[in-house]
Each structure stands twice: as structure tokens, then as C-alpha cells.
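Here the structure comes first, spelled out in C-alpha cells, and everything after it is commentary.
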Amino acid sequence: MKRFLRMSYLAASIGGVMFFAMSVVLLGVWPGRTLDHDIHAMSPPHPMDLTASEQHGRTIYSREGCAYCHTEQIRYIESDTRRFGAATLAWETRFDYPHLWGTRRIGPDLSREGAVRSNDWQLTHLYQPREVVADSVMPAYDWLFDGAPDRPKQDALDVLAYLETLGRNRALAGAEGDAHARAACDCSEDEKRFGFSKPLNASPAMAQRGPVPALTISNDLAPGRAVYASNCASCHEGSAPGLRPKPANLAAHQYTMAALSDALWNGRAGTSMPAWRDLSLADLSAVAAAVREKSQPQTDSIADQLGERIYKSNCAQCHGERGAGDGSAASQFTIAPVNFVQQRASLEYAQNAIKNGIDGSPMAAWKTRLTDEEIAAVARYVRAFYQP
Amino acid sequence: MIQPEAEVNPAPLVATRLVQAHGIAAILTLFVSILFGFVAALELAAPDVAGGSPLLSWGRLRYDHTQGILFGWLGNAFLAFLYHAVPLISGRRVTSERLGYWIFGLWNFAVVLPGWALVLAGFSQPLEWAEFPLVIDAFVILALILAAVQFLPPFFADGLEDLYVSGWYIIGALVFTLFAYPMGNLVPELVPGAIGAAFSGLWIHDAVGLFVTPLALAIAYFVIPAATGRPIYSHFLSMLGFWLLFFLYPLNGTHHYVFSVIPMSAQIGAITASTLLGFDVILVVANLLLSARGSGWFPRDPGLRFVTTGTVLYLVVSIQGSLQAQMAINRSVHFSDWVIGHSHLAMLGFATFTVAGGLIHAWQRIPGVRYNAPMLDLAYWLLLGGLLVMFVDLTIAGLVEAHLWNSAAPWIDSVRAARPYWLVRALTFLPISLGFMALFGGLTTDLPTEEAA
């Protein structure tokens with residue numbers, strides 16, 4: 001009897017070890033083999049590994065627990081792909097040692113963060129998130145800076161470099177890479193739908209150019225003021241010292257509804273102004289009304305011949321003959337030249353901008369080449385383009 | 001019922017000084033761990049409260065909070081309990097009291113304290129339940145090996161013929177943690193992203209399923225009969241529950257990554273195992289609660305009451321776990337505060353209540369030790385109240401977040417909506433910390449003399 005018991009305990013112990021081994025094989029080794037196969041079959045031929053700087057940024061990202069609030073994993077379901085883009089493929093994670101998938105999302109998923117924001121925005125956000133996102137609860141990582149968001153230490157630049165790698169390989173692989181991966185993928189229709197048939201990056205904040213839905217002017221200003229306070233004020237009212245070019249001084253400008261629709265819907269490429277496509281059209285209309293409320297009543301300017309002569313010889317190449325921001329050189333700039341037909345600065349602001357240029361944009365300072373009188377004439381000239 | 005003040009079972013086999021050392025270390029590290037948790041919770045309600053110090057930034061505190069709970073509080077309390085229970089179950093002393101002090105030193109001064117310090121200094125790994133850096137893992141593994149050397153030989157000395165179920169759980173936990181720990185800590189560093197995540201999923205569940213749960217159940221199976229003086233309801237059920245548990249728990253891992261790129265068959269397998277696990281827990285809990293019958297719904301003995309409450313919470317949290325592994329529910333609540341509520345129900349509810357009960361039970365039986373039952377009653381109510389408020393609060397927060405994520409609302413709306421709930425959660429630190437202070441007081445003060453007389 002005793003021997004029988006001993007034998008059965010021996011059998012049970014072996015069984016116990018087998019149970020554990022089975023779990024490792026079934027949920028670790030075997031799916032790992034499948035994933036390993038998928039990674040090699042679906043990956044584009046030469047994906048980019050991380051540079052030393054990017055790798056160091058990843059180390060900082062890891063040690064600060066970023067992955068405990070920001071997942072790097074877009075799931076194969078509608079609510080994830082609609083918000084963040086096509087679901088994460090195994091090969092996209094091939095340089096992740098260890099993975100940073102995360103199991104909690106307090107902030108948004110960052111799998112495709114690379115292309116979404118400007119560097120200034122990322123650095124300012126890292127330095128003090130609430131300078132650009134009023135209600136953010138992200139910690140401030142100001143010890144990665146020398147006292148100001150525009151004075152990052154190497155650590156902050158490395159984190160920025162790492163953020164810019166997120167989604168990079170898949171974006172570089174492009175449609176061709178996705179087609180290759182799709183053909184090599186031994187997966188269900190559902191997986192194909194979420195993995196491939198969605199925009200790669202669905203971030204509503206990514207600046208882009210394209211058609212704009214018409215916003216309606218509302219007379220009720222209260223809702224717009226609320227939307228403005230929680231989404232816009234942190235940059236446009238605050239100091240936001242790290243952002244170049246500086247966020248627009250809304251009080252010193254008049255905007256047509258078309259200009260506001262475009263800025264809100266598409267963002268301003270090359271600047272820190274994101275697109276606001278996650279706000280409803282009603283909210284966008286309301287906030288446009290709130291912005292127009294801020295513009296002080298502007299006086300008209302009369303164009304004269306001096307202004308015309310200087311404009312045509314110095315400014316029209318970028319800003320266009322008729323001031324619509326469509327000069328022959330306009331397309332070579334990431335930041336589009338100002339369209340004077342749709343927005344009008346105050347005379348003082350315009351003179352200042354011509355004199356000193358706009359820091360962080362292609363707009364140069366003209367004070368060494370034009371006299372004060374000439375600058376005043378050009379300022380009056382560009383203001384006259386405005387068509388409310 | 002056992003009268004705590006009576007000199008019951010002086011237990012000459014028990015190394016009581018090690019029970020006391022680990023017991024005190026457990027509660028002291030618990031205070032530090034919940035302080036980490038509290039400041040992290042507060043930072044969600046008031047993000048700039050810590051004033052931009054890297055040492056107090058959310059991520060590092062979050063790492064130290066859970067690692068402190070796992071190694072400091074639960075680890076020490078488990079060890080304290082093992083020093084009490086293993087000799088009583090096996091009838092033999094543990095291998096060596098000297099070795100015990102080595103394990104105590106390793107566990108606290110080579111794992112918990114330097115682990116915390118290194119995480120705060122920026123050396124860690126971003127893997128759940130594995131945040132301490134790799135250098136600490138070497139000491140964890142060494143300590144686990146020494147713990148196996150310390151506690152396993154007494155069981156094997158006379159053969160396993162009459163081994164009680166708690167002994168089985170203890171053997172299982174010590175052996176399988178030793179297997180699972182290196183896997184969860186090392187493999188994701190060595191294999192790329194998605195493959196590493198598959199192994200992380202295994203370890204996330206093994207930490208709970210092969211370390212915390214078996215040792216907590218060993219306590220429950222030990223304390224309930226010892227405190228009620230009645231045998232366990234069914235030894236057959238207890239063995240069935242044990243084997244099903246060790247079969248099913250490790251197979252749950254992938255349920256942390258449902259709808260991910262990990263092959264669907266592994267996900268389905270894990271979800272199936274998660275469902276079946278719910279049934280196993282019903283069986284285990286039924287067996288335990290039937291064993292506690294006769295002591296009433298609400299046992300007077302504080303140790304027993306903590307344990308039976310922990311057992312009930314085990315049932316609740318496991319059924320919740322089975323449910324939230326289902327795709328229809330997981331799709332919405334995954335990534336949300338719902339899961340944080342779940343993990344607190346598991347760790348602060350099931351594990352902490354059971355472990356506190358085990359500690360109290362072992363403490364009562366140390367000759368001449370200080371012990372204050374009314375203080376422990378106070379601890380019980382403060383902890384239960386704090387836990388329930390936190391659980392309900394986080395569950396609602398999770399549902400609100402899930403609802404907003406499913407809508408077209410901007411992401412930041414879900415953060416705004418969660419903030420009042422985060423504030424309430426941070427405030428639950430008050431009853432919970434007072435509760436743990438009362439627990440500490442209950443084990444370090446005596447009753448006022450006129451009552452004790």
C-alpha cells in the first residue's frame with residue numbers, strides 16, 4: 001500500500017511538472033514559433049533597428065514606466081483600430097527587447113506616435129504636459145531638461161527620437177510592404193480586416209491637408225468658450241515657451257470661417273497645432289465662434305503703390321500674387337505661407353512679423369533689408385487682401 | 001474555539017523568532033508599499049503634487065508599489081506563515097534556523113530594499129510583476145532555492161503518505177515559482193516583442209497563480225480547521241481543487257493579451273482555461289467555507305475571520321476574472337480601471353486578508369507575544385471598508401472609461417471623466433493605511449490590563 005501511494009505521488013508530481021510544461025509550450029513556445037514565422041514571413045526586407053540614441057530613449061521610456069499608461073499594441077477590434085490605426089502586426093515588434101505592450105491605457109496608445117506631433121510639441125509635452133494638454137495627468141519629466149522646454153538635455157532628445165520610431169518601419173514599408181505582409185499572413189478575414197484594411201495611423205491629431213467640412217457659425221458663445229478653455233487655451237493663452245513657431249496670437253488676428261475650419265480640421269502642418277478631428281463638428285463650430293469673438297475689431301488698411309512694389313518683388317514668391325499663400329515657392333515649405341485672403345493680422349502684429357520674422361517658420365526678418373516706412377507699407381498692403 | 005490569550009500549542013518545533021521577524025518585516029514593507037501606491041494614486045488626481053522629482057515620478061512609484069506588495073508584504077508574510085505551518089503539518093522542524101536568517105536577510109536586504117532603491121534610481125525592467133532589475137532576480141532565485149531547501153525536506157522526510165493539502169500547496173508554490181520566475185523575468189528580454197509578450201502573459205498569471213494563490217490557499221486550508229477545531233469538509237475535494245488549480249492557472253496567461261496578434265488559438269485556450277478556473281474556485285471555496293461552518297458567518301476569532309473573508313473575496317475575484325476574460329467583456333473593460341479594481345480585489349482583498357489572517361493565527365500561538373484582538377477587529381473593518389470603496393470606485397471608473405473609448409469622444413474626455421474616481425481611490429488610502437496600522441498595533445500591543453486579566 002505504501003509503495004502504491006509512493007508511486008501515485010511520483011506520478012502526480014510528474015503530472016504537475018507536465019502541466020506547467022504544457023502551459024509554457026501551449027501559451028509560450030508554440031505561439032512564439034508561429035509569431036517568429038510570421039515576423040520573418042511578413043516583415044519588409046530591411047526594417048530599421050533603433051539607433052543608439054533611439055535605444056537610449058527607449059531605455060528612459062522603459063524606466064519611467066511610460067508603457068504602464070501608454071500601450072504599444074493596437075488590438076484587432078473596431079474601437080482600437082478606429083482610434084489608433086491598423087492593428088499591430090507581429091513584425092512591427094521585432095526590435096522590441098523587451099516588449100512594451102502594456103496592460104493599462106491611461107493615455108492613448110503610442111504604436112504609431114512617430115508622425116503625429118511636432119518635435120516642439122513632444123518636448124514641451126514631456127517637460128510639462130499641461131502646457132499643451134490642459135487636463136493631462138501625465139507626470140512632468142522636467143529633469144530631462146535644463147529648466148525650459150526648449151532646452152532639452154540629451155536624454156529628452158533621445159526620448160523624442162524613440163517616440164519618432166514608433167510606427168516608423170510600417171510607415172516606411174508603405175502600401176507595398178502591407179501588401180507583402182497581407183499575402184504572407186496566414187490569418188483570418190477578421191485579422192486581415194483589422195490588420196490591413198484600416199488607415200495606418202488614425203490619430204485625429206495628425207496634421208494633414210485636404211478637404212474641410214463646412215462649419216456653421218453659431219451665436220451661442222458659451223459652449224465654444226468651454227471647448228476653447230479645455231483644449232486651446234493652454235497653448236494660445238499660456239506662454240508655451242517651447243513651441244516654435246509660437247501658437248497664433250488669436251486676439252491679434254481676424255480669421256474667415258474657411259481659415260478656422262481648415263486650421264481646426266487639418267491642423268497646421270509643420271507647427272504644433274494638431275488637427276482636432278476628434279472634436280465633433282458642433283464643437284468645432286462652437287470653438288470657431290469663440291476664436292472669432294477674441295479677434296479685436298480690426299481697422300481696414302489701404303494698399304498703396306510702395307507696398308505693392310515691395311510685396312511683388314519680395315513676398316509674392318511665397319505668399320502669392322493675390323496673397324492667397326499660393327506663390328510659386330509655397331509648396332517647398334512644410335509650414336504653409338500665410339494666406340492673407342483668409343486671415344488678417346493687426347497692423348502692429350503685421351509690421352512686427354515683417355520686421356522680425358516668425359521664429360520657427362520660414363518667414364524671415366526683413367528689418368535689415370527694408371526701411372520702417374517700407375515695412376509699414378507692406379503691412380498695409382497684405383492687410384488689404386483680406387476678404388471676410 | 002481557540003482563546004488567543006491562552007497558552008495554546010507552544011509548538012516547540014516552530015521557529016517563532018523567524019515568524020516574528022518575517023511578520024514584522026511584512027507589515028513594515030507593507031507600509032512602504034502602500035505609501036508608494038498612495039503617492040502614485042494621488043498623482044493621477046493631482047499630477048504635479050510631487051514637484052518634478054524623478055524619485056517620486058509616477059512610473060517608478062508604480063513599479064515599487066506592486067513589487068513591494070509581492071515581495072515585501074506577501075513574500076514576508078508567506079515566509080512567516082511557512083515557519084509556523086510547515087513544522088506543524090510535517091511534524092518536523094524546518095531545515096535550519098540559521099538558514100532562516102540568511103533567507104530573511106536575502107529577501108529583505110538583497111531583494112526588497114535594493115530592488116526599491118534601484119527602481120527609484122532608474123534601474124528596472126518594464127515588465128509587469130517583474131519590475132525589479134535583473135540583478136535583483138538573481139537574489140530572488142537564490143532566496144527561492146534556499147526557501148525550497150528550508151521548507152521542502154520536512155515534507156519528504158517521512159514520505160508523503162499523509163500529506164495534508166496545505167503541504168501540497170506549499171510544495172507546489174515553492175517548486176513552480178522557481179520554474180516560472182526566471183521565465184517571466186528573462187525570456188522577454190531575449191525574444192522579440194510579440195513573442196516576449198506571450199511569455200510575459202504566462203508570468204503575469206503565474207505570479208498570481210503559482211506563487212500568491214497556492215500559498216494563500218495553504219493558509220486558508222491550515223487556519224480554518226486549526227481555528228475551528230474541525231476537520232476539513234472533504235479531503236477529496238481539496239485534492240481535486242489543488243490539481244485543477246495547478247493545471248488551469250498557468251494556462252490562463254494569454255488572457256492578458258486578448259485580441260492581440262498572439263495566435264487566436266492560444267487566446268481561445270487561455271479564455272477556456274479562465275472559464276474553467278472559475279468552476280475550480282467554486283469547488284475550492286465551497287470546500288473551505290463548508291469547513292468553516294459552525295463558526296458562523298462571522299467568526300469571532302480575528303485570524304479566522306480575516307481568512308474566511310479572504311476566501312469569500314477569492315470566489316468573487318475569480319468569478320470576475322472568468323467573466324472579464326470573455327471576449328465580449330474583455331473587448332470593453334481591458335486596459336481600463338476595471339482591471340485595476342480587479343487586481344486590488346485579488347491582492348488587497350483575497351491575498352491580503354488571507355495572509356493577514358494567517359499571520360494573526362500564527363502570532364496568537366507564539367508564547368508570550370503581544371496581541372490585541374480589539375485592535376485587529378478595527379483593522380478588519382477599516383480594511384474591508386477601504387477595499388470595497390476602492391473596488392466599486394475603480395470598477396465604475398473602468399466602465400465609464402470603456403464607454404467613452406467606445407464612443408467618438410476625444411481621448412482626453414476619458415481622463416477627465418476618471419479624475420473624480422481617481423481622487424476617491426486616493427482617499428481610500430486613509431481607511432486602508434489606518435487599517436494596516438491597526439493590524440500592526442494588534443500584533444505589537446497588549447490588551448489594556450483590565451481586559452486581559
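The values are calculated or read from the model by the stated rules, or taken from the named source; none is laboratory data. This one's a predicted model, so the numbers in the text were calculated from it and none came from an experiment. With ideal geometry, Cβ positions are generated from the backbone for all residues, glycine too; neighbour counts draw on all protein chains shown.
Tell me which residues, restricted to segment A:46-96, are in contact (Cβ under 8 Å) with a residue 12 or more places away in the chain, among the small types (G, A, S) and within 8 Å of chain B (Cβ to nearest Cβ).
A:S62, A:A67, A:A87, A:A90
Inspect segment A:310-323 for any residue being in contact (Cβ under 8 Å) with a residue 60 or more places away in the chain, outside any helix (DSSP H, G or I) and crowded, with 17+ Cβ neighbours inside 10 Å and give the result as yes or no.
yes
Under the condition of being in contact with an Asp or Glu (Cβ under 7 Å, 6 or more places away or on another chain) and hydrophobic (A, V, I, L, M, F, W, C), which residue from segment A:98-114 is nearest to A:R63 (Cα to Cα)?
Filtering segment A:98-114 for residues that are in contact with an Asp or Glu (Cβ under 7 Å, 6 or more places away or on another chain) and hydrophobic (A, V, I, L, M, F, W, C), the one nearest to A:R63 (Cα to Cα) comes out as A:L100.
Identify the residue in segment B:142-152 that is of a type in the set (A, V, I, L, M) and within 23 Å of B:W168 (Cβ to Cβ) and, among all such residues, is surrounded by the fewest Cβ atoms within 10 Å (Cβ to Cβ).
Only one residue fits best here, namely B:I145.
Just a yes or no: is a residue in segment A:131-147 over 30 Å from B:A418 (Cα atoms) and surrounded by 20 or more Cβ atoms within 10 Å (Cβ to Cβ)?
Checked segment A:131-147: no residue is over 30 Å from B:A418 (Cα atoms) and surrounded by 20 or more Cβ atoms within 10 Å (Cβ to Cβ).
Out of all the residues in segment B:274-288, is one or more under 28 Å from B:L382 (Cα atoms), modelled with pLDDT of 95 or more, over 18 Å from the mean Cα position of the chain (by Cα) and surrounded by fewer than 18 Cβ atoms within 10 Å (Cβ to Cβ)?
Looking through segment B:274-288, at least one residue is under 28 Å from B:L382 (Cα atoms), modelled with pLDDT of 95 or more, over 18 Å from the mean Cα position of the chain (by Cα) and surrounded by fewer than 18 Cβ atoms within 10 Å (Cβ to Cβ).
Per-residue answers, yes or no, for (1) small (G, A, S); (2) over 30 Å from B:A173 (Cα atoms):
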position	(1), (2)
A:G28	yes, no
A:P31	no, no
A:H70	no, yes
A:I77	no, yes
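Could you count how many residues in segment A:1-42 are surrounded by 19 or more Cβ atoms within 10 Å (Cβ to Cβ) and in contact (Cβ under 8 Å) with a residue 24 or more places away in the chain?
4
Would you be able to say whether some residue in segment A:97-120 is out of contact with any strand residue (DSSP E or B) (no Cβ under 9 Å at 6 or more places or on another chain), in a helix (DSSP H, G or I), within 10 Å of chain B (Cβ to nearest Cβ) and modelled with pLDDT of 95 or more?
Within segment A:97-120, none of the residues are out of contact with any strand residue (DSSP E or B) (no Cβ under 9 Å at 6 or more places or on another chain), in a helix (DSSP H, G or I), within 10 Å of chain B (Cβ to nearest Cβ) and modelled with pLDDT of 95 or more.
Out of (1) more than 11 Å from chain A (Cβ to nearest Cβ); (2) over 20 Å from A:E64 (Cβ atoms), what's the single condition that is false for B:L186?
Of everything listed in (1) more than 11 Å from chain A (Cβ to nearest Cβ); (2) over 20 Å from A:E64 (Cβ atoms), B:L186 misses just condition (1).
Return the residue satisfying two criteria in turn: it lies in segment B:404-422 and is touching a residue at least 60 places away in the same chain (Cβ under 8 Å) and surrounded by fewer than 19 Cβ atoms within 10 Å (Cβ to Cβ), and of such residues it is farthest from the other protein chains (Cβ to nearest Cβ).
Applying the filter and picking the extreme gives B:R419.
For B:G51, are the conditions met, namely being in contact with a Cys (Cβ under 7 Å, 6 or more places away or on another chain) and without any contact (Cβ under 8 Å) to a residue 60 or more places away in the chain?
So B:G51 does not fit the description; no.
Can you confirm whether segment A:165-172 contains a residue that is crowded, with 18+ Cβ neighbours inside 10 Å and either modelled with pLDDT under 95 or over 28 Å from A:R94 (Cα atoms) (or both)?
No, segment A:165-172 has no match at all.
Please determine whether any residue of segment B:33-45 is over 25 Å from the mean Cα position of the chain (by Cα), surrounded by fewer than 24 Cβ atoms within 10 Å (Cβ to Cβ) and either within 14 Å of chain A (Cβ to nearest Cβ) or at pLDDT 95 or above (or both).
yes
May I ask you to verify whether B:F199 is within 12 Å of another protein chain (Cβ to nearest Cβ), in contact with a helix residue (DSSP H, G or I) (Cβ under 6 Å, 6 or more places away or on another chain), closer than 24 Å to A:R6 by Cβ and part of a helix (DSSP H, G or I)?
no
Quick check: is even one residue across segment B:153-168 more than 14 Å from every other protein chain (Cβ to nearest Cβ) and surrounded by 19 or more Cβ atoms within 10 Å (Cβ to Cβ)?
Yes; the residues of segment B:153-168 include at least one that is more than 14 Å from every other protein chain (Cβ to nearest Cβ) and surrounded by 19 or more Cβ atoms within 10 Å (Cβ to Cβ).
Within segment A:332-388, track down each residue that is under 22 Å from A:L243 (Cβ atoms) and of a type in the set (K, R).
Correct list: A:K355 only.
Return yes when A:A288 is closer than 22 Å to A:P388 by Cα and surrounded by fewer than 18 Cβ atoms within 10 Å (Cβ to Cβ) and no when it is not.
no
Pairs, please: C-beta under 8 Å, at least 6 apart or cross-chain, first residue away from chain A (no Cβ under 14 Å) and in segment B:100-127, second surrounded by 17 or more Cβ atoms within 10 Å (Cβ to Cβ) and among the hydroxyl-bearing types (S, T, Y)?
B:G100/B:Y83; B:N108/B:T29; B:V112/B:T29
Select from segment B:169-183 the residues that are more than 18 Å from B:G358 (Cβ to Cβ) and within 9 Å of another protein chain (Cβ to nearest Cβ) and list them in ascending order.
Passing the criteria: B:V175, B:F176, B:F179, B:A180, B:M183.
Criterion first (part of a helix (DSSP H, G or I), more than 14 Å from chain A (Cβ to nearest Cβ), of a type outside the set (V, I, T) and closer than 24 Å to B:V307 by Cα) does B:L378 satisfy it?
So B:L378 passes the test.
Condition first: away from chain A (no Cβ under 14 Å) and more than 21 Å from A:G102 (Cα to Cα). Can you find one or more residues in segment B:338-348 that meet it?
Yes: segment B:338-348 contains one or more residues that are away from chain A (no Cβ under 14 Å) and more than 21 Å from A:G102 (Cα to Cα).
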